[in-house]
Amino acid sequence: MDVKLLNHTPLWVCSNAIRTCWQSFDKSDNGGEKDLALIDRVGNQFKHSSTLEHLYYNFYISGVSRALLQELARHRIASLSVKSTRYTLKELRGEEPFRAGDFDNASRYIVLTGDSDVDNASIAALENLRQILSGGKSLDIAKYCLPECYKTELSWSINARSLQNFLSLRSSKAALWEIRNLANAVFEALPEEHQFIFKDCMAKTEA
């Protein structure tokens, strides 16, 4: 799994939005300690979290399973642009057969769990897919036998309010292990000066 932060909204945009409500622009310190404290007080402590929606984060996420993608799609206030299997499954054509126990080779295409029984079953599914593609089936039809573990990648854009919700739910020990790893990686990818907005979302799941 790899998570890259491509772009993010500067914090002063959020503090400016908050000051719009009270027309308190004269009290701004141009993104300094006063403005950061304002974001924390209004957005986090007072729970006027609609003000956090002015902050956006754009990530590129790769090496995750389609099982994780399905869970990620449940977070509706976010935008996803996903690698298309309809056009990219041809990447399997020309590959040598995938064999049970050859986890290093299979891991180029599937996410492994560490459970050899499950991972070997996934390799068998990957090999079935390779054979079907090698037989000349169209990608539109072949994609229906994709295993859930098949790797994908996506661009993911989300506002700070929705990201708080995502991190609160998905960094929990009750979350799917793979999306929990994603939540931690997303938090670590955030600019350090933005992490105060989300720190409590992570901390309460560690208690």
### Summary
Residues of region 107-164 being open to solvent by 50 Å² or more (accessible area, probe 1.4 Å) and within 30 Å of ASP40 (Cα to Cα), in sequence order, are ARG161
### Task
Mind listing whichever residues of region 1-35 are out of contact with any helix residue (DSSP H, G or I) (no Cβ under 9 Å at 6 or more places or on another chain), open to solvent by 60 Å² or more (accessible area, probe 1.4 Å) and assigned to a loop (DSSP other than H, G, I, E, B)?
GLN23
### In region 173-194, residue farthest from GLY114 (Cα to Cα) [restricted to those that are of a type outside the set (A, V, I, L, M, F, W, C) and either open to solvent by less than 30 Å² (accessible area, probe 1.4 Å) or in contact with a strand residue (DSSP E or B) (Cβ under 7 Å, 6 or more places away or on another chain) (or both)]
HIS194
### Query
Quick one: what pairs do we get from region 60-75, first residue of a type in the set (Phe, Trp, Tyr), second at pLDDT 95 or above, C-beta under 7 Å, 6+ apart or different chains?
TYR60/LYS4; TYR60/LEU6; TYR60/SER155
### Query
Can you tell me which of LYS137, LYS143 is part of a helix (DSSP H, G or I) and either out of contact with any strand residue (DSSP E or B) (no Cβ under 9 Å at 6 or more places or on another chain) or among the hydroxyl-bearing types (Ser, Thr, Tyr) (or both)?
LYS143
#### Entry: Subset of region 49-77 [over 16 Å from GLU178 (Cβ atoms) and either in a loop (DSSP other than H, G, I, E, B) or of a type in the set (S, T, N, Q) (or both)]
SER49, SER50, THR51, LEU55, ASN58, ARG76, ILE77
### Query
Name the residues in region 134-187 that are over 24 Å from SER84 (Cβ atoms) and of a type in the set (D, E, K, R), would you?
ARG161, ARG170, LYS173, ARG180
### Message
Please count how many residues of region 178-196 are assigned to a helix (DSSP H, G or I) and either within 13 Å of the chain's Cα centre (by Cα) or among the basic types (Lys, Arg) (or both).
### Response
12
### Summary
Only unsatisfied item for SER65, checking (1) at pLDDT below 95; (2) open to solvent by less than 70 Å² (accessible area, probe 1.4 Å), is (1)
### Task
Within region 75-106, track down each residue that is open to solvent by 60 Å² or more (accessible area, probe 1.4 Å), of a type outside the set (Asp, Glu) and farther than 30 Å from LEU55 by Cβ.
ARG86, TYR87, LYS90, ARG93, GLY94, ARG99, ALA100, PHE103
### Task
Kindly establish whether PHE59 is within 30 Å of GLY135 (Cα to Cα), hydrophobic (A, V, I, L, M, F, W, C) and surrounded by 12 or more Cβ atoms within 10 Å (Cβ to Cβ).
no
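The values are calculated or read from the model by the stated rules, or taken from the named source; none is laboratory data. Note that this is a predicted model, so its numbers are computed, not measured. In this analysis, Cβ positions are derived from the backbone assuming ideal geometry, glycine residues included, and neighbour counts consider all displayed protein chains. Keep in mind that these areas ignore ligands, DNA and RNA; they rest on the heavy atoms of the full protein, side chains included. Shrake-Rupley method; radii C 1.70, N 1.55, O 1.52, S 1.80 Å.
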